[in-house]
Ligand SMILES: [Zn+2]
């Protein structure tokens, strides 16, 4: 009698299944193989997930002695830096995260975990195609930089991803059905929009608790400039003050830190004590916890220390905003990109458009996002 089969007969297949060690079933490997994703790119993503790429850290690990320097900044090079956490990668992911209104970008996540935020079960869907293309073109941009001495630029990566989507569409590999629930992105790829019943979601800004103030913060990256915006309101939702300004030579993390610092300084200057700070979901809040000394953020170490100094007199807490609840801050951040220096606002000098957003949010009117 052979126990491993139902009928008691011996078969090699069943015997093998008894001995072999099964890994966990991972949907991610099921999703990256699809005709909508060119095979070269699927293979590349598979290699990236298994860390089989000739980045400097891997070469050093294999025994090659070389001085590592990544192509986008002063860091040493490793796979995570090239594909997720480096400045070029961050700007590329942030762009598409915004385009698809996902709000899931967090460059602290390991590649596999991060990809799972993008991927959905519908095979061949644009949400599965895009992250694979981004990884691929980030890699090509990195190689182009090494071998042709061209400076890495996120705008090239974004354009290459868009062109590839348009090309896949042109050869009938992508269809309107692959854009289900995301028809609003079609125009960004030069693809005619599918007529479908939109998926409606409503969000509203929520007032802080009684006796508390709320500081909403956001940052914005335009082609060559970046900016921040912050807005303070009381527990009735009434506008108190706002600030906006340009940021120079910053990556996403540093930009967020500076925005929070300016926001807190504004709170201090008008003697606010009880404060809720609301930031976009993609901001990692652990770096601001008082217990840790932010050791993992060498880049922003002094900035975070300064923020904590600034917060010593505050009774504060952080929270994440849902996408769409942060419109005043988003608007101010975009304005900040166009300013030459930091600017504070009170009601009297508030731009008209900002007043409009403030009134809508004060009345807790829900936004409808398509
Ligand atoms: Zn770099």
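Here's the yes/no breakdown for (1) at positive phi; (2) surrounded by fewer than 21 Cβ atoms within 10 Å (Cβ to Cβ); (3) assigned to a helix (DSSP H, G or I):
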residue	(1), (2), (3)
228	no, no, no
249	yes, yes, no
264	no, no, yes
267	no, no, yes
- Say whether the condition of being touching a residue at least 12 places away in the same chain (Cβ under 8 Å), on the phi < 0 side of the Ramachandran plot, within 16 Å of the ligand (Cβ to nearest atom) and in a helix (DSSP H, G or I) is met by at least one residue in segment 46-56. yes
- Among strands (runs of 3 or more DSSP E) lying entirely in segment 298-370, which contain 1 or more residues that are within 20 Å of the chain's Cα centre (by Cα) and modelled with pLDDT under 85? 315-321, 367-369
- In the list 3, 58, 17, which residue meets the criterion of being surrounded by 11 or more Cβ atoms within 10 Å (Cβ to Cβ), over 22 Å from residue 104 (Cα atoms) and not assigned by TED's automatic domain parsing to the domain that holds residue 161? 17
- Apart from one, (1) at pLDDT below 85; (2) surrounded by 10 or more Cβ atoms within 10 Å (Cβ to Cβ); (3) closer than 21 Å to residue 110 by Cα all hold for residue 25; the odd one out is (2)
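Just checking, which of 104, 72, 117 is within 16 Å of the ligand (Cβ to nearest atom) and surrounded by 15 or more Cβ atoms within 10 Å (Cβ to Cβ)?
Only one candidate passes the filter, namely 72.
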- Query: Of (1) away from the ligand (no atom under 16 Å from the Cβ); (2) under 21 Å from the mean Cα position of the chain (by Cα), residue 122 satisfies all except one. Which?
  - Reply: (2)
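Is segment 204-218 home to any residue that is assigned to a loop (DSSP other than H, G, I, E, B), closer than 30 Å to residue 316 by Cα and modelled with pLDDT of 90 or more?
Among the residues of segment 204-218, not one is assigned to a loop (DSSP other than H, G, I, E, B), closer than 30 Å to residue 316 by Cα and modelled with pLDDT of 90 or more, which makes the answer no.
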- Message: What's the total number of residues in segment 125-148 that are more than 29 Å from residue 26 (Cα to Cα) and more than 16 Å from the ligand (Cβ to nearest atom)?
- Response: 2
- Item | Of all residues making up segment 111-136, the number that are in contact with a helix residue (DSSP H, G or I) (Cβ under 7 Å, 6 or more places away or on another chain) and more than 25 Å from residue 193 (Cβ to Cβ) | 7
- Query: If residue 41 passes every condition in (1) away from the ligand (no atom under 16 Å from the Cβ); (2) at pLDDT 90 or above; (3) in a helix (DSSP H, G or I); (4) over 18 Å from residue 158 (Cβ atoms) but one, which one does it miss?
  - Reply: (4)
- Which listed residue is within 28 Å of residue 183 (Cα to Cα) and either within 16 Å of the ligand (Cβ to nearest atom) or out of contact with any helix residue (DSSP H, G or I) (no Cβ under 7 Å at 6 or more places or on another chain) (or both), from 94, 67: 94
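The values are calculated or read from the model by the stated rules, or taken from the named source; none is laboratory data. Not measured: the values here are computed from a predicted model. Cβ atoms come from the backbone with ideal geometry, glycine included; neighbour counts cover every protein chain shown.
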